[in-house]
Structures are given as structure tokens and as C-alpha cells.
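Peer 1: The following block contains the structure, expressed as C-alpha cells.
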Amino acid sequence: MIDFKLESAEHRRIVFDRNAKFPDVWRDFRSFLLSVGPCPGEHYRLAATLGERAYGDDSRWEHKGAKRPAAPPPPPSPETTYSQWTMISGQPVEVAKLSTSLGVPFSSIAAALNAGRQPDELVKQSDVASALLGDINWFSAEPQHQDAFRQAFRAWHMKVNPRFAEMATPKFLYLYILLPDMIRCKTALADTDLWDPPTEWQKRLRDASPIWKRYCELFPKAQLAAQEFKTYRQYSLTSQLEDLWTRIQSTEARFRGAQSHSTAQPVEAASG
């Protein structure tokens, strides 16, 4: 089995830092990984975007050599006048209760409001996320794993441009999580000449490899997720794996982009 070594090292650093602040759900590594996504490389770290040593669902990987801008003001808290109330359908609602009712971390709600999103829009988008989630037994049969994925999906979906809300499906996020692991498997096998072995002896070595077994475990899951998208189902998960990952990365960035309706390009991951 291939481990997320870079991600798990960063996870341990944050969790065991007594002065670090982070969502409680991050104590579970799977929830942490679903929230922040795969690490781009060994020279990256997770940025503390909510203040010094304070992390949230909007934290992103940054290059270790990058100059950090001045820390943004902390997100509003339920104790401040700003964040105590917001208006939903003309009625005042406590932001903390809004976070609970939508099943989205407070930091995600605060970040969306600070970015200019209207509370009514967030409620509508949460309804879209709920409809998209539906039955997720395809993800896992374990209720605790399903709950972690639901929470991670809702937090990610809150960052999606409303224009693309219905296209940003759970299976898209699942593909976004699976493909880096599959590419690592493929790279490790290719480095040992076991990705496409020419001899029976090498095939037996490959079949006995835990890396190959991990790839074979992920393959049907990725294939199931890719079938939801007309554009993605045409890609081979063997010979075109890297091309598919490049395209999915680009689409995920568009989902979260703040482009205007007049200038935004069509999203490639339109549901089939």
C-alpha cells in the first residue's frame, strides 16, 4: 500500500503542535487529506491562513521558499458583533447556527462571507451539495468514513463558484483525491520496470508487488467515478492517467475560480 508520506508528515506536525489551531475533524488523517488535498511535492507545506499556526478548511499547500504575505485578519467568531448575525430571507440568523445547520465548518462560512458571498447563496449552495451527496455507499460502507467525506465535500463545495455548483459532484472530488495516489503507484512501478513487464517472470513480480495491488484496488473506484463524466470516461486509467490528472486539476481550479459569467470558459467536467 502506498502511504501519503508527505501529507501524513505534515498532519503529524500540525496535530502534535500544542499551539496549533485546526478543525477537530482533522485529527482523523482521512478527513485532513480530504480537506486539504494531496501535497504537490516535498518542498511544500500547509499554509496557516487563519493566523499564526492556525489552520482551516481554506488552508492550501505553499512552496517552502515562498514569501508569505501579511496574515489576513482572523475569521469572524460568534462573539464578535460582525459575526453574530446575518440575514437569511430577510430574517436575522446567528452565523454559528448557520454553520451548524449547513453542516459546514464555521471557517468556511466566514471565508465565503468575507469573500462577498451572500448568506442566501450559501444556503442554496448547501442544498445543492445535499442533493449531490445522496447515497454515497459507493465511497465506503463505513458510516464514519461516509460522514467524514460528507463534511469534507461540503467544506470544499462551499468554495465552488455557484455557477459550477451542480457540476462539482462528490465523484469529481473523489477522482481529485484518488488520481495522485494512482500516479504514485504507476511511477513507482515504472521506476522498477514493472509497469508494463515484457516477461512472465517480471509479470509475476509485478503481481506480487503491494504497489501493484494498491493500484488495482484504486482502479475500479476511479473508473466508477470517471463514468459520471462524459469527458473523463474516454481517458485510459493506464496510458492517459497523467493527462486525466492535468485536466482534473485545471477543472478543479475553475470550479473554485471567481471568473465572471461573461469571461469564464466552459467547464470540461460537464456531467454526462
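The values are calculated or read from the model by the stated rules, or taken from the named source; none is laboratory data. Bear in mind that the values here come from a model prediction, so they are computed numbers and not experimental data. Please note: Cβ atoms are built from the backbone with ideal geometry, for glycine as well, and neighbour counts cover all protein chains shown.
Peer 1: Can you find, within region 28-69, the residue that is nearest to the chain's Cα centre (by Cα) among those that are surrounded by 14 or more Cβ atoms within 10 Å (Cβ to Cβ) and on the phi > 0 side of the Ramachandran plot?
Peer 2: Checking each candidate, the answer is Gly37.
Peer 1: OK, next. Given the criterion modelled with pLDDT under 75, surrounded by 16 or more Cβ atoms within 10 Å (Cβ to Cβ) and not in a helix (DSSP H, G or I), identify the matching residue among Pro92, Pro75. Spell out how you get there, then give the answer.
Peer 2: Working: Pro92 fails: surrounded by 16 or more Cβ atoms within 10 Å (Cβ to Cβ).
Within the list Pro92, Pro75, the selection yields Pro75.
Peer 1: A further question follows. Exactly one of these conditions fails for Lys230: (1) crowded, with 17+ Cβ neighbours inside 10 Å; (2) farther than 27 Å from Glu42 by Cβ. Give me its number.
Peer 2: Looking at each condition in turn, Lys230 falls short on (1).
Peer 1: On to the next question. Considering region 17-47 alone, what residues qualify as being of a type in the set (Gly, Ala, Ser) and modelled with pLDDT of 85 or more?
Peer 2: Residues of region 17-47 of a type in the set (Gly, Ala, Ser): 20, 31, 35, 37, 41, 47.
Answer for region 17-47, where residues must be of a type in the set (Gly, Ala, Ser) and modelled with pLDDT of 85 or more: Ala20, Ala47.
Peer 1: Say whether the condition of being part of a loop (DSSP other than H, G, I, E, B), more than 11 Å from the chain's Cα centre (by Cα) and surrounded by fewer than 18 Cβ atoms within 10 Å (Cβ to Cβ) is met by at least one residue in region 170-191. Spell out how you get there, then give the answer.
Peer 2: Applying the first criterion (part of a loop (DSSP other than H, G, I, E, B)) to region 170-191 yields none.
So far as region 170-191 goes, no, none of its residues is part of a loop (DSSP other than H, G, I, E, B), more than 11 Å from the chain's Cα centre (by Cα) and surrounded by fewer than 18 Cβ atoms within 10 Å (Cβ to Cβ).
Peer 1: If you don't mind, another one. Can you tell me which residues in region 205-238 are in contact with a helix residue (DSSP H, G or I) (Cβ under 8 Å, 6 or more places away or on another chain), assigned to a helix (DSSP H, G or I) and among the aliphatic types (A, V, I, L, M)?
Peer 2: Correct list: Ile211, Leu218, Ala222, Leu224, Ala225, Ala226.
Peer 1: Now a separate question. Any idea how many residues of region 107-131 are without any contact (Cβ under 8 Å) to a residue 40 or more places away in the chain and in contact with a Pro (Cβ under 6 Å, 6 or more places away or on another chain)?
Peer 2: Residues flagged as without any contact (Cβ under 8 Å) to a residue 40 or more places away in the chain and in contact with a Pro (Cβ under 6 Å, 6 or more places away or on another chain) within region 107-131 amount to 1.
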